[in-house]
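Q: Mind having a look at this structure? Questions to follow.
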Amino acid sequence: MKQVKEGDLVKVHYTGKLVNGEQFDSSVGREPLEFTVGAGQMIKGFDAAMPGMEIGQKKTINIAPEDGYGVRSEEAIIQFPRKDVPADMVLEPGMQLTLNQAGQPFPVIVTEITDEVVILDANHFLAGQELVFDIELVEIAE
């Protein structure tokens, strides 16, 4: 039976959860996820789990933060001057916004609002989390 190797185009079904069981993403009920193994399209831990898998095989993997979305970084906490926020913009903690840096959009979460600053967190929402993925290999493209 053919096994996945680096460079293969594969299709997988997956369910991503936190270690507490809370599900954050799944391809169930949708088209399988398609990507090239080893091409950097996936987080490192997911990519590393693919070589050697066979069509129809299922596995559960745990991914440490370093091989997932990284560890939380204090450098990703931004203090944005309140005076630079449009007067008509209503902000609330937990709200997601998109900022632009050098023409690149990136999501941030409002974590705190004071009279002087708005504290924004640009860490990925899964940064610092150990992730659990249930993976099923559906196809290895020829």
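Q: Among the listed residues Val90, Val37, Val132, which satisfies the condition of being of a type in the set (A, V, I, L, M) and outside the structural domain of Lys17 (by TED's automatic domain parsing)?
A: From the options Val90, Val37, Val132, the qualifying one is Val90.
Q: Moving on to the next point. Residues in region 97-118 that are outside any loop (DSSP other than H, G, I, E, B), of a type outside the set (Ser, Thr, Tyr) and surrounded by fewer than 10 Cβ atoms within 10 Å (Cβ to Cβ): how many?
A: The qualifying residues number 4.
Q: Further question on the same structure: If the Cβ limit is 6 Å and pairs must be 6+ apart or interchain, which residue in region 79-96 that is charged (D, E, K, R) pairs with which residue that is not in a loop (DSSP other than H, G, I, E, B)?
A: Every condition considered, the pairs that remain are Arg82/Val117; Arg82/Val118.
Q: Can you tell me which condition Phe46 does not meet? The list is (1) part of a strand (DSSP E or B); (2) surrounded by 14 or more Cβ atoms within 10 Å (Cβ to Cβ), and all the others hold.
A: With respect to (1) part of a strand (DSSP E or B); (2) surrounded by 14 or more Cβ atoms within 10 Å (Cβ to Cβ), Phe46 is out only on (1).
Q: Can you tell which of Met53, Met1 is under 18 Å from Asp134 (Cβ atoms), touching a residue at least 12 places away in the same chain (Cβ under 8 Å) and over 13 Å from the mean Cα position of the chain (by Cα)?
A: Testing whether each residue is under 18 Å from Asp134 (Cβ atoms), touching a residue at least 12 places away in the same chain (Cβ under 8 Å) and over 13 Å from the mean Cα position of the chain (by Cα) leaves just Met53.
The values are calculated or read from the model by the stated rules, or taken from the named source; none is laboratory data. The structure displayed is predicted, hence computed values, not measured ones. Every residue, glycine as well, gets a Cβ built from its backbone with ideal geometry; the counts of neighbours run over all protein chains shown.
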